[in-house]
Amino acid sequence: MNLEIKTFNELTPREVYEILRVRSEIFVVEQNCVYNDEDGKDIESIHIMIKENEKIIAYLRVIKSGVSYDDASIGRVLVTSEERKKGLARKIVCAGIDYIINNWNEKKITIGAQDYLKNFYKSLGFKAVSEVYLEDGIPHVDMTYNKR
């Protein structure tokens with residue numbers, strides 16, 4: 001199992017395909033949510049993946065400030081269904097936080113978290129900063145992380 005961090009241009013065509021496939025599998029099929037995943041943000045994002053035997057089992061993207069929010073952001077966080085309950089979500093989100101703080105020298109991160117994951121993100125230091133709202137029919141809440 002290895003963690004990889006790449007810009008869009010460093011991704012191989014196979015990795016781009018696998019990212020889009022696994023995101024569609026989870027966010028469109030599993031969550032029964034029709035939305036446009038290809039939102040134009042991937043090209044400027046940093047892609048963090050945990051792979052096992054070249055298969056992506058956990059993924060997220062980090063986005064520079066001013067793109068999704070005024071602050072840097074983490075999005076499209078996923079762990080494949082077979083690999084859940086192994087601590088991979090915590091591992092990959094912490095890698096995203098570390099990347100933003102250490103590589104971009106950002107002090108604040110804002111995310112749009114699915115509401116059912118609010119306690120998970122709280123355990124990592126995020127605080128809710130909005131009321132619950134619907135995004136693509138799924139309850140979300142904006143949360144921020146401030147570097148201590």
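Bear in mind these aren't lab numbers, they're just calculated from the coordinates by the rules spelled out. Note that the structure is predicted; figures quoted are calculated from it, not measured. Neighbour counts are summed over all protein chains in view; Cβ atoms, including those assigned to glycine, are modelled from backbone coordinates with ideal geometry.
Data overview
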item: Residues located in region 89-127, provided they are within 19 Å of residue 69 (Cα to Cα) and among the aromatic types (Phe, Trp, Tyr); result: 99, 104, 121, 126
item: Close pairs (6 angstrom Cβ cut-off, 6 or more residues apart or separate chains): within 26 Å of residue 65 (Cα to Cα) in region 25-46, of a type outside the set (Ser, Thr, Tyr) and in a helix (DSSP H, G or I) anywhere; result: 37/23; 42/8; 43/8
item: Hits in region 118-148 - residues which are of a type outside the set (Lys, Arg), closer than 22 Å to residue 88 by Cβ and surrounded by 12 or more Cβ atoms within 10 Å (Cβ to Cβ); result: 120, 121, 124, 125, 126, 138, 140, 143, 145
item: Single unsatisfied condition, residue 141 versus (1) part of a loop (DSSP other than H, G, I, E, B); (2) within 16 Å of the chain's Cα centre (by Cα); result: (1)
